[in-house]
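What follows is one structure encoded as structure tokens, with my remarks underneath.
The values are calculated or read from the model by the stated rules, or taken from the named source; none is laboratory data. All values derive from a computational prediction rather than experimental measurement. As a convention, Cβ positions derive from the backbone with ideal geometry for all residues, glycine included, and neighbour counts pool all protein chains shown.
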Amino acid sequence: MKPFYIYFILNKLTGKYYVGQTIQTPEKRWIKHQRDARNRKFKNNYFSNAVRYYRPENFEVRVLYVCYDQKTLDEAEIYFIAFFKATNAWLGYNGTFGGKGGKKTEAAKSKMSSSQKGRVASPETRAKMSKAGKGKKQDPEHIRKRALAITGKPKSAESIRKTTAGLTGRKNGPMSQETKQKLRVKATGRGHTEETREKLRKPHTEERRLNVIEGLRKRRERLEQENQLWETATTTSCFSTPHVRMDLPPRGLSGKFIRTGSSTQPSTETLLLT
């Protein structure tokens with residue numbers, strides 16, 4: 001059975017480290033890290049930049065854990081990243097909390113957001129994106145699942161705040177004559193199909209009327225919940241910190257604690273595994 005590895009890469013100059021998983025050997029994975037850093041193929045800018053800046057010869061690769069299935073591998077990576085506090089920028093280089101498609105840290109999200117702000121796609125890029133998307137239809141099952149996921153779900157206070165901020169200062173008056181003309185030209189020649197006309201001619205059934213009333217009632221409840229959340233957000237400060245459950249360490253591991261730190265970094269205890 002093929003072994004899976006959790007590996008630990010230590011910067012011998014700064015004491016910072018990176019924890020990762022691989023189905024290859026740790027040596028091959030480290031070679032790929034070096035190649036990505038050299039070619040600037042960044043999945044983790046922080047770690048790749050460090051490899052390029054400090055040079056690969058100043059890093060040391062160790063094996064932390066060996067298992068034989070992906071589920072255990074993901075759980076072990078989440079555990080070790082949390083155990084070593086590798087997402088703490090003072091201590092490690094990790095930008096996610098681990099696991100397959102690991103959840104990104106707030107710092108990583110902030111960097112990604114900052115790097116994209118102010119960027120505008122060129123007309124050529126827009127034309128390519130438009131051409132690539134034409135004719136594509138979403139899977140009906142995907143549409144149904146997405147609708148179910150948001151049905152009855154109230155917006156968070158943060159979402160309401162962002163929506164309000166995005167609309168602030170926007171012109172919400174009547175449409176200009178130019179906009180009306182564009183809509184008129186776009187709609188010219190359109191017409192209802194015979195099937196649609198037949199549906200429009202039919203009066204609403206009692207079931208349809210009750211469905212409309214129920215939809216309006218749910219909408220009113222959702223608006224009331226959103227208003228309550230907004231009032232709470234404007235009067236209190238709410239913070240949410242992602243966390244990882246810390247269980248007992250996997251069996252079969254041995255090592256010793258060493259204390260690291262400097263004049264610019266807080267002192268911490270780290271378990272070096274052997």
Which one is modelled with the highest pLDDT, of the residues in the range 109-123 that are part of a helix (DSSP H, G or I) and surrounded by 10 or more Cβ atoms within 10 Å (Cβ to Cβ)? Ser110
Hey, can you tell me all the residues within the range 18-65 that are touching a helix residue (DSSP H, G or I) at 6+ places or on another chain (Cβ under 9 Å), closer than 11 Å to Ile6 by Cα and not aromatic (Phe, Trp, Tyr)? Val19, Gly20, Gln21, Thr22, Ile23, Gln24, Val61, Arg62, Val63, Leu64
Taking the options Trp30, Trp90, name whichever one is of a type in the set (Phe, Trp, Tyr), in a loop (DSSP other than H, G, I, E, B) and within 26 Å of the chain's Cα centre (by Cα). Trp90
Residue pairs qualifying under the 7 Å Cβ cut-off, at least six apart or on distinct chains, with the first in the range 1-29 being more than 22 Å from Tyr53 (Cβ to Cβ) and without any contact (Cβ under 8 Å) to a residue 60 or more places away in the chain and the second being crowded, with 19+ Cβ neighbours inside 10 Å and among the polar types (S, T, N, Q), are none
Filter the range 200-219 for residues that are surrounded by 10 or more Cβ atoms within 10 Å (Cβ to Cβ), free of Cβ contacts under 8 Å to residues at least 24 places away in the same chain and among the basic types (Lys, Arg); which is nearest to Arg161 (Cα to Cα)? Arg219
Could you identify the single residue in Phe42, Phe8 that is modelled with pLDDT under 90 and either in contact with a Ser or Thr (Cβ under 7 Å, 6 or more places away or on another chain) or under 18 Å from Gly99 (Cα atoms) (or both)? Phe42
